[in-house]
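Asker: Would you mind keeping the following structure in view while I ask a few things?
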Amino acid sequence: MAGTAALPEWRTLPAAYGGGAAAAWQQLKSPVVVPLLRLSVAVCLAMSVMLFAEKLYMAAVVLAARLLRRRRPEQLYRWEPIRDIAGEDGDLEAAGGNAAASYPMVLVQIPMYNEREVYQLSIGAACGLTWPADRIVVQVLDDSTDPVVKELVQLECERWASKGVNVRYEVRDSRRGYKAGALREGMKRAYARGCDVVAIFDADFQPEPDFLLRTVPFLVHNPELALVQARWTFVNADECLMTRMQEMSLDYHFTVEQEVGSSTYAFFGFNGTAGVWRISALNEAGGWKDRTTVEDMDLAVRASLKGWKFVFLGDLMVKNELPSTLKAYRYQQHRWSCGPANLFRKMLMEIVRNKKVTLWKKIHVIYNFFLVRKIIAHIVTFVFYCIVIPATVLVPEVEIPRWGSVYIPTIITFLNAVGTPRSVHLIVFWILFENVMSLHRTKATFIGLLEAGRVNEWVVTEKLGDALRMKMPGKGFKKSRMRIADRLHILELCVASYLFFCGCYDITFGNNHYYIFLFLQSIAFFIVGVGYVGTFVPNS
């Protein structure tokens, strides 16, 4: 910790550097900078404790569930296969028409937007789902603006229709409402109004054939359930270091956050894909709304306030693709951070005034789900570790207790690592990468809370599919032809410079050894700042 021994050295700075700037700094430091920095430290420590308590709570719930094995979905809710749909040998084709008619009608929605690289995979996976042919409709909602892609998608639908699959190709006159608008328009079709449940898959998702057989029985046998959510698994997790970092974060989200919400409060945020909704619950909640960039979370919160329950199936995996370019990942993280904050602003009082759910569930949604996980987690990661702690190097009058600067962050880090044991050796890289991305998450969070200019910005996450393997048949990647101006990120470079300066000052004048972290974090910001992270896609 910085102590009084550093003060005499600091006071030599005006003489060493000279000029009015140093004198002005000395005039402002004691009456303005020190009190503000102490207040910032106190606020950040409070937020760190809140986040720490939340992580410990979730870890305890998951550990208890694993040890007791009493909170599995099949134990919380009734589940059994719907045997009357199949013949004695389980052959769906052999089932009689009357038996099949007793099974719920399923609508499968696949929203798309210029998905040249992955449209065949998703349509093929949906059309290959095991279900009686007369009880399922595959609906491809194509908002593509590229006429070539639209023609390719339409031809793929026609190809599967020729095989006897009930697949419908739907387009709109405009992209109003983006994904939410497409899903809402799809539900208005006459054939969709006759369906009982709807399964939703983004264009890069590839469900296994038994997906519906494992999920729909929960809705059939438990009338209080509105949503069955499956877990994601990633086909390109090993593509680059950035995708490995994403895998660690998302695995924690599914193995811990979703499990805890499902097993304790029967509520969690719908992930927008790889889930099955009871259509009556979806309609009762008000259907799809495009007022935020997280239409899936919006629907989930509204349905929960109507008294509906959700269940998460952690052992049901659906393959999909992680964004592997920095540009795509930044846009995705902006949407995922801005949307929840904006939704919290819009729904806070609605949640408070709700009469259908218990007080404890309200507290869980407002405090645990929104405030701590969607707002505080982003803000404290960037503001505390990348701004406030480095600032205390320059202002040694302000001290941070070791439990706040070392112990709590260390424990939180290892709790986050439990979701992906195979990547534990990458934990240091994950810390540095998450801190860099917290810059954009924090910015997006404030945009959402304040409803500023980019609050409703929606950029579809780019999927590469097999594009890289087709363009780069050799062993290595070709050099990108991206202009240097497009690769530079000024905010990251500014933070990198700030951290580097604080590290140099600490190693010269300080005695708390923050410079080890500061230099490493500065390098991470610089690497991202010059765009040297993720996959580079050649232009030819």
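The values are calculated or read from the model by the stated rules, or taken from the named source; none is laboratory data. Bear in mind that the values here come from a model prediction, so they are computed numbers and not experimental data. Cβ coordinates were reconstructed from backbone atoms using ideal geometry, including for glycine residues, and neighbour counts include every protein chain displayed. The area values use the complete protein model at the heavy-atom level, side chains included, leaving out ligands, DNA and RNA. Shrake-Rupley method; radii C 1.70, N 1.55, O 1.52, S 1.80 Å.
To keep it simple, each residue is scored yes or no on (1) assigned to a strand (DSSP E or B); (2) modelled with pLDDT under 95.
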{"position": "Glu88", "(1), (2)": "no, yes"}
{"position": "Tyr103", "(1), (2)": "no, yes"}
{"position": "Asn114", "(1), (2)": "no, yes"}
{"position": "Glu117", "(1), (2)": "no, yes"}
{"position": "Ala125", "(1), (2)": "no, no"}
{"position": "Gln139", "(1), (2)": "yes, no"}
{"position": "Thr145", "(1), (2)": "no, yes"}
{"position": "Gln154", "(1), (2)": "no, no"}
{"position": "Ala182", "(1), (2)": "no, no"}
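Asker: Can we say Lys443 is modelled with pLDDT of 95 or more, under 25 Å from the mean Cα position of the chain (by Cα) and charged (D, E, K, R)?
Answerer: Yes; evaluated as a whole, the condition is true for this residue.
Asker: While we're looking at this one, here's another question. Check whether at least one residue in the stretch 275-286 is in a helix (DSSP H, G or I) and touching a Lys or Arg at 6+ places or on another chain (Cβ under 7 Å), and report yes or no. Steps first, please.
Answerer: Keep residues of the stretch 275-286 that are in a helix (DSSP H, G or I), which gives 279-284.
Okay, now just the ones that are also touching a Lys or Arg at 6+ places or on another chain (Cβ under 7 Å), so 284.
Yes, the conditions are met somewhere in the stretch 275-286.
Asker: Every residue in the stretch 437-455 that is in a helix (DSSP H, G or I), farther than 18 Å from Leu348 by Cβ and not charged (D, E, K, R), please. Working first, answer last.
Answerer: Our first condition is that a residue be in a helix (DSSP H, G or I); within the stretch 437-455, this holds for 437-450.
The next check asks that each one be farther than 18 Å from Leu348 by Cβ; those that pass are 437-444.
Within the stretch 437-455, Met437, Ser438, Leu439, His440, Thr442, Ala444 qualify.
Asker: Please go through the stretch 351-399 and give me each residue that is among the basic types (Lys, Arg), in contact with a Phe, Trp or Tyr (Cβ under 9 Å, 6 or more places away or on another chain) and open to solvent by 30 Å² or more (accessible area, probe 1.4 Å), ordered by number.
Answerer: The answer is Lys374, and nothing else.
Asker: Within the group Arg78, Arg71, which residue is open to solvent by 80 Å² or more (accessible area, probe 1.4 Å), under 25 Å from Tyr367 (Cβ atoms) and either modelled with pLDDT of 80 or more or assigned to a loop (DSSP other than H, G, I, E, B) (or both)?
Answerer: Arg71
Asker: Given the criterion buried (at least 23 other Cβ atoms within 10 Å of the Cβ), closer than 30 Å to Leu450 by Cβ and either among the small types (Gly, Ala, Ser) or at pLDDT 95 or above (or both), identify the matching residue among Ala274, Ala300, Ala230. Spell out the reasoning first.
Answerer: Numbers: Ala274 fails: closer than 30 Å to Leu450 by Cβ; Ala230 fails: closer than 30 Å to Leu450 by Cβ.
Result of the check over Ala274, Ala300, Ala230: Ala300.
Asker: Let me ask something else. Does the stretch 20-36 include one or more residues that are modelled with pLDDT of 90 or more and open to solvent by 80 Å² or more (accessible area, probe 1.4 Å)?
Answerer: yes
Asker: A further question follows. Check the stretch 406-429 and report whether any residue there is open to solvent by 20 Å² or more (accessible area, probe 1.4 Å), closer than 23 Å to Ala237 by Cβ and part of a loop (DSSP other than H, G, I, E, B).
Answerer: yes
Asker: Scan the stretch 156-180 residue by residue and report those that are assigned to a helix (DSSP H, G or I), in contact (Cβ under 8 Å) with a residue 40 or more places away in the chain, out of contact with any helix residue (DSSP H, G or I) (no Cβ under 6 Å at 6 or more places or on another chain) and not basic (Lys, Arg).
Answerer: Passing the criteria: only Tyr178.
Asker: Is there a residue being over 20 Å from Ser122 (Cα atoms), surrounded by fewer than 14 Cβ atoms within 10 Å (Cβ to Cβ) and of a type in the set (A, V, I, L, M, F, W, C) anywhere in the stretch 155-167?
Answerer: No, every residue in the stretch 155-167 fails to be over 20 Å from Ser122 (Cα atoms), surrounded by fewer than 14 Cβ atoms within 10 Å (Cβ to Cβ) and of a type in the set (A, V, I, L, M, F, W, C).
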